[in-house]
Amino acid sequence: MARIRLGQVDYLNTLPVFHAFEEGLLPFNGELVKGPPTMLNQMLSAGRLEVASISSVEYARHIDKYMILPRLSVSADGPVKSILLFSHNSVTELDGKKVCLTSSSATAVALLKVLFDHYYHVEANFVTMPPNLDNMMAEGDAALLIGDDAMRAHLRVVQEQLPYHVTDLGEVWKQFTGERMVYALWIVRKDFAREYPAEVQALCGMLAEAKRIAGENMPALLEKSRRRTGMPLEYLEEYFKTINNEFEADHRRALLTYYDYCYKSGLIEERVRLSVWGEEDA
Ligand SMILES: C=C(O[C@@H]1C=C(C(=O)O)C=C[C@H]1O)C(=O)O
């Protein structure tokens with residue numbers, strides 16, 4: 001029996017899928033590997049994980065090697081609250097300025113570049129840095145943060161009344177395209193899926209069960225999130241209402257729209273078709 005190394009993006013937005021795994025509520029006898037998206041992106045690509053939640057743009061960069069697991073994503077329809085650009089001035093004034101990008105992200109980095117190219121028509125200089133708001137704002141004119149880092153930074157901006165503009169890229173994307181945005185997917189390595197289809201099928205069942213369990217245990221999940229991050233309960237409650245973890249027809253159309261723009265901006269090399277585990281043409 002193949003042991004599955006399962007990568008978990010270590011942000012709140014994957015908890016509605018991973019909570020039951022963390023709590024040992026499922027008969028999963030593989031290994032859970034936690035880290036920021038870019039770490040898991042690399043590990044999956046290097047064959048050091050079999051399955052992982054990773055940056056959605058990464059799928060488009062490895063379509064020959066990857067398959068999408070059904071009915072799973074991290075997405076939001078409009079404002080997402082955790083993909084945020086902090087800036088000293090408004091975004092339209094960032095032409096020729098320095099924008100610091102979190103080293104944890106791939107999807108949001110590409111989304112920012114797409115929006116700069118096609119929506120704001122702004123050409124900035126990008127530098128990649130560890131996710132630290134103060135260092136980034138000292139170094140450049142704007143800072144892109146994602147996940148819990150972005151949420152913490154936003155709370156600080158409000159509490160300490162820091163004089164920054166805060167732009168929610170999910171909201172801008174929705175204004176621009178009318179679509180939701182899919183930030184993360186659950187991906188299996190194709191070579192592994194071909195060799196161990198029964199294990200992948202069983203894992204898909206567990207992931208579906210895990211979502212159901214989390215949905216029925218929101219008070220416990222919220223309390224765990226509060227303990228883990230120190231963020232206020234109401235803020236977390238709103239966040240979990242904002243994040244969606246499905247992958248249906250709307251998500252697919254939205255994702256393909258995003259990939260189209262990534263292609264136009266030279267951020268991915270080929271046009272993409274979605275190959276989803278268990279579907280006819282996968
Ligand atoms: C919405 C989010 O989606 C995340 C954004 C990612 C990226 O930018 O590469 C990767 C995984 C997601 O968990 C977030 O973390 O805030």
Original post:
Within the set of pairs 6+ apart or on separate chains, which have a first residue in the stretch 189-213 that is of a type in the set (Lys, Arg), a second that is crowded, with 19+ Cβ neighbours inside 10 Å and in a helix (DSSP H, G or I), and C-beta atoms under 7 Å apart?
Top reply: Arg189/Leu44; Lys211/Pro16; Lys211/Val17
**OP:** Kindly indicate the residue of the stretch 74-98 that is within 16 Å of the ligand (Cβ to nearest atom) and at positive phi and also farthest from the chain's Cα centre (by Cα) among those meeting that condition.
**Re:** Gly78
**OP:** Scan the stretch 221-258 for residues that are of a type in the set (S, T, N, Q), more than 20 Å from Glu279 (Cβ to Cβ) and not in a helix (DSSP H, G or I) and report the count.
**Re:** 1
Subject >> Of the criteria (1) more than 16 Å from the ligand (Cβ to nearest atom); (2) within 23 Å of Asn29 (Cβ to Cβ), which one Leu162 fails >> reply: (2)
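Does Leu69 count as at pLDDT 95 or above, assigned to a loop (DSSP other than H, G, I, E, B) and under 26 Å from Ala254 (Cβ atoms)?
No: the conditions fail for Leu69.
Has the stretch 105-125 got any residue that is hydroxyl-bearing (Ser, Thr, Tyr), surrounded by 23 or more Cβ atoms within 10 Å (Cβ to Cβ) and not in a strand (DSSP E or B)?
Taking the stretch 105-125 first, the residues hydroxyl-bearing (Ser, Thr, Tyr) are 105, 107, 119-120.
This time we only want the ones that are surrounded by 23 or more Cβ atoms within 10 Å (Cβ to Cβ), so: 105, 107.
With the extra rule that they be not in a strand (DSSP E or B), the set shrinks to 105, 107.
Among the residues of the stretch 105-125, at least one is hydroxyl-bearing (Ser, Thr, Tyr), surrounded by 23 or more Cβ atoms within 10 Å (Cβ to Cβ) and not in a strand (DSSP E or B), which makes the answer yes.
The values are calculated or read from the model by the stated rules, or taken from the named source; none is laboratory data. This structure is a prediction, so every number in the text was calculated from the model and none was measured. Every residue, glycine among them, receives a Cβ derived from its backbone with ideal geometry; neighbour counts consider all protein chains shown.
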